[in-house]
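See structure below.
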Amino acid sequence: GPSIAGGVNALYITSDASIVGCTGGLPTNFKYVNNAVGSATAIIYNTVTATCESNLQLQFDSKLDVDGVNHKGEVIYSVDNGLNWIVLAPISNNGFDWLVNNIALPVSLNASSFLIGFQFTYDATSAVGDFPLAIDNVIITGTDTTPPVVVCPANQDVLMDTICQGAILDYTSLVNATDNCSSISNLVFLQSPAAG
């Protein structure tokens, strides 16, 4: 699956708009941009192309230490290229430790392309000493429930010698197969009996 944030990358809010790269503040707290009035959100997201898989599962590591009301983190997704975001699940407030999260994605996202993201909501009227939303090690997995379509070759005649032995050739190149998840070059063909 896609990696949305890795290593030291994380969603981070800083109070100093002049700092390039959002590196202001201490590593264990956050403040708000320009002390603006009201609530605001920040989103990090990536595109998922799931052309064949179903039973999609999202796994990620998170670190979040907020009040969960004015300041919170959520898993979100969009099926219209980010015009509208749907909240899938809240991200647990777990202090300063990394937490492994596993979330089942909606069936409606099976075999489709969509945006998966993480939203940090914060109250811009105040500054707090909490840890902002940090996301790492994002993995999306699924299962391919559609078997390949295989067209076997026609029956092959093998000439036998005087002691009823004959050579079986490798007929796998005569097989025609397609799969909804894999190209034909990634399919493995075996025959029984084996060539020999």
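Every number here is computed from the coordinates shown, using simple stated rules; none is lab data. None of the values given here were measured: they were computed from a predicted structure. Neighbour counts are summed over all protein chains in view; Cβ atoms, including those assigned to glycine, are modelled from backbone coordinates with ideal geometry.
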Taking R0 as 25 Å, what FRET efficiency do you get between ILE139 and LEU83 from their Cβ-Cβ distance, rounded to the nearest 0.05?
0.45
Could you sort the peptides 155-166, 108-119 by per-residue average Cβ neighbour count (10 Å cutoff), highest mean leading?
108-119, 155-166
Estimated vicinal HN-Hα couplings, Hz - segment 69-82 in sequence order (Karplus 6.51, -1.76, 1.60; Gly, Pro = x)
10, 6, 10, 7, x, 9, 8, 10, 8, 9, 10, 10, 6, x
Taking only Cα atoms of segment 128-196, the Rg to Rh ratio with Kirkwood Rh works out at 1.42
Segments 142-154, 56-68, 87-99 sorted - mean Cβ within 10 Å per residue, highest first
56-68, 87-99, 142-154
Tell me, in nm to one decimal, what length is gained between ASN110 and ALA42 on full extension, where the rule is 0.36 nm per residue of separation less the Cα-Cα distance?
21.8 nm
